[in-house]
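All remarks here apply to the structure that follows.
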Amino acid sequence: MVDKNKIKFLVDILLFVDFLIVAFSGFVMKYVYPVGEQSGKAGVIFLFDRFGWLGIHDIFTIVFVLLIIIHLALSWDWIKAMFKRLFSSSTE
């Protein structure tokens, strides 16, 4: 059987790398390419045109959301325990 902590670690690493890709592609689209009528005429920058970067951004954003869901599912027992601990009615 696979260790749950190893899976969580792998998911966290993938989340970090995916976040960097989403952030970089968003930065490129926001600050490197022009907006409006000129957006399609800027050509290729960093290997892709604006629409290539938009596709990368969209795909990796979807992957990011799926990884967040997996991360939450793997951590659900800990999340429930923390809610019980923080919001229990007993005072210690």
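The values are calculated or read from the model by the stated rules, or taken from the named source; none is laboratory data. In this text the structure is predicted, and so the values were computed from the model without any measurement. Because the Cβ atoms are built from the backbone with ideal geometry, glycine has one as well, and the counts that use them run over all protein chains shown.
In region 6-46, what residues are surrounded by 11 or more Cβ atoms within 10 Å (Cβ to Cβ), hydrophobic (A, V, I, L, M, F, W, C) and at pLDDT below 80?
Within region 6-46, 42, 45, 46 qualify.
Out of 84, 80, report the one residue that is more than 25 Å from the chain's Cα centre (by Cα), at pLDDT 90 or above and either under 21 Å from residue 13 (Cβ atoms) or basic (Lys, Arg) (or both). Steps first, answer last, please.
Details: 80 fails: more than 25 Å from the chain's Cα centre (by Cα).
Being more than 25 Å from the chain's Cα centre (by Cα), at pLDDT 90 or above and either under 21 Å from residue 13 (Cβ atoms) or basic (Lys, Arg) (or both) holds for just one of 84, 80, which is 84.
Which members of region 49-92 meet the condition of being surrounded by 11 or more Cβ atoms within 10 Å (Cβ to Cβ) and either in contact (Cβ under 8 Å) with a residue 60 or more places away in the chain or not in a helix (DSSP H, G or I) (or both)?
If the condition is that a residue be surrounded by 11 or more Cβ atoms within 10 Å (Cβ to Cβ) and either in contact (Cβ under 8 Å) with a residue 60 or more places away in the chain or not in a helix (DSSP H, G or I) (or both), then 49, 71, 74, 75 are the ones that fit.
If I ask for residues that are aromatic (Phe, Trp, Tyr) and at pLDDT 90 or above, which ones from region 47-77 would you list?
So the first thing to find is which residues in region 47-77 are aromatic (Phe, Trp, Tyr), and the list is 48, 51, 53, 60, 64, 76.
The answer is 60, 64, 76.
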